[in-house]
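None of the figures in this text is laboratory data; all of them are computed from the coordinates on show. This one's a predicted model, so the numbers in the text were calculated from it and none came from an experiment. Every residue, glycine among them, receives a Cβ derived from its backbone with ideal geometry; neighbour counts consider all protein chains shown.
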Amino acid sequence: MSFRVSLRQRSRLIPAAIPYLLTVLLTSLATGVLFVLRGSISPAIVALLYLLPVGLSTFLWGLGPGILAAFAAFLAFNYFFILPYYTLFVHQTQDLLALLVFLGVAVVISQMVGRMRASLARATDREREAVRLAELSTQLAGVKDEQAIAQALAERALEAFQADRVDIYVEGQSGSQPILLQKSGANPPGVSKPDLLIPLQSGHGMLGEVRLWRQDPPLRMADERLLLAFASQGVLALERARLSQAETRARVLEESDRLKSSLLSSVSHELRSPLATIKAGVSSLRSGEVSWESEARVELMEMIEEETDRLNRLVGNLLNMSRIEAGALHPQRRWNVLSEIVGGVVKRMEMAARQHRIEVDVPADLPLVPVDYLQMEQVFGNLISNSLKYSPPGTTVRICARPGEGQVVTVQVSNQGPPVPQEHLERIFDKFYRITASDRITGTGLGLSICKGIVEAHGGRIWAENLPGGFAFNFTLPSTWDGLSPLLEAQ
């Protein structure tokens, strides 16, 4: 381990010594040129020309090499250009004064150039930080997934710092798993401690940390400052994502409570009405006041049967809605005759439709459809029941089916009720969505949404439209099953 550390320190010292060697080389080169011209230029000109390598060394390699260049130029100026030559002794006072002034000017120039270079470097670093932060902020804007935030933070840090490896660790919340994302560069480090570790600290506690490895060049204070700014941006993005998730959960809970309240209110009303009717009818029959041979008995039995069917539809709707929401509505498909399904539903709804006329236009030679018989009965029952509710007494409800384009059967259930405003047509199949006030039209508001779930589970689609003088529900059903028609399947 110590051998590895010494190699690492040596690899850092060698590049650090190069600017000083180049400074000595540049000063030597200038000395050689000036030595050739020594007979034709005065020492004052030589002193001025020696300021060039001093300033150039400071500008290119920093204050340390600049100071070295100043002292090297001072010694070379004294040794080669001040009498007596090739010695560091100075016999004349004016020459000594000239040397001291030269040394002072050279040091001052190197410091001024060094400060200018440092100011330029700081300005460049600030500009680089601003650009990197702007890129990171742009990438994080609108991101609400913690995994995507960690991914963006790791990628930007790896690119900005030319790092060997970057790890982003985000602690989980509410029982969720923590996130550990690793991004490696061209030379990933071995198992070692990170060169820089920045916590992701928010006002509510620790969210995680950023770990960065970089061997060459060594990390500077500016790098640490920039990584701190990266971590702050990451914390803001994570808090924004978690606030958005909390808001979504609160909205879902609020919507769930609203749906529960609506469901309980609607179901309690819908259950109470038929139960009260059934209870009254059964009590009248048990009292003995109604003769078994009278017409009143027949009417009471019909009323009980109708309200029982109504309860049966309500319970079926509730069960199917729970299956749809749980993703457990799986149609038990069989090849069925659509006219038989429609005929059975219409026959059972004769009492409910006694104030309307129901016309059925479903050709007997219509292709068989692969559907769940009971579920399609519920679709037709809900659509017909809705049409009876919203159309005036004495009007006609019409059921029509025709072969459609693309191996489908198109079904239309139309009535002569009032048109629906265009803005409501798309939402008419939403749960509990009611266009008419609930005190005027009874129902749970689940029937049409259940129709939509069943039709889509069969691979079809359903929509509503206004017709001249009426309103219609349309839906399609596939006439093939796994690409096969009933004739091909029979073969």
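What is the sum of charges, Lys and Arg at +1 and Asp and Glu at -1, for the other residues whose Cβ falls under 15 Å from the Cβ of Leu133?
On the way: positive: Arg126, Arg128, Arg132, Arg156, Arg225; negative: Asp125, Glu127, Glu129, Glu135, Glu155, Glu159, Asp223, Glu224.
Charge balance near Leu133 sits at -3.
For segment 345-382, list residues with backbone N below 15 Å from a point placed 7 Å from the Cα of Thr395 toward its Cβ?
355-359
Subtracting the Cα-Cα distance from 0.36 nm times the residue separation, let me have the gained length for Val36 to Glu239 in nm, one decimal. Numbers along the way, then the final one.
Values: separation 203, 0.36 × 203 = 73.08 nm, distance 7.02 nm.
Length difference between fully extended and current span is 66.1 nm.
Around Val371, which amide H atoms from residues at least 5 apart in sequence, or from another chain, sit under 5 Å from its own amide H, with H modelled in the peptide plane?
Placed amide hydrogens put Arg334, Asn336 under 5 Å from Val371.
Which cross-chain or sequence-distant (5 or more) residues have an amide H under 5 Å from the amide H of Ser479, H modelled 1.01 Å from N in plane?
Correct list: Val408, Val409.
List the relative contact order of segment 353-415 as a percent without decimals, with contacts defined as Cα pairs under 8 Å and 6+ residues apart.
Working: 75 pairs, mean separation 27.3, N = 63.
Here the relative contact order equals 43 percent.
Can you give the net charge of the other residues whose Cβ lies under 13 Å from the Cβ of Arg402, counting K and R as +1 and D and E as -1?
On the way: positive: Arg398; negative: Asp361, Asp365, Glu405.
Neighbour charge sum, excluding Arg402 itself: -2.
Show the residues, 5+ positions off or on another chain, whose built amide H is closer than 5 Å to the amide H of Leu446.
Amide H neighbours of Leu446: Phe432.
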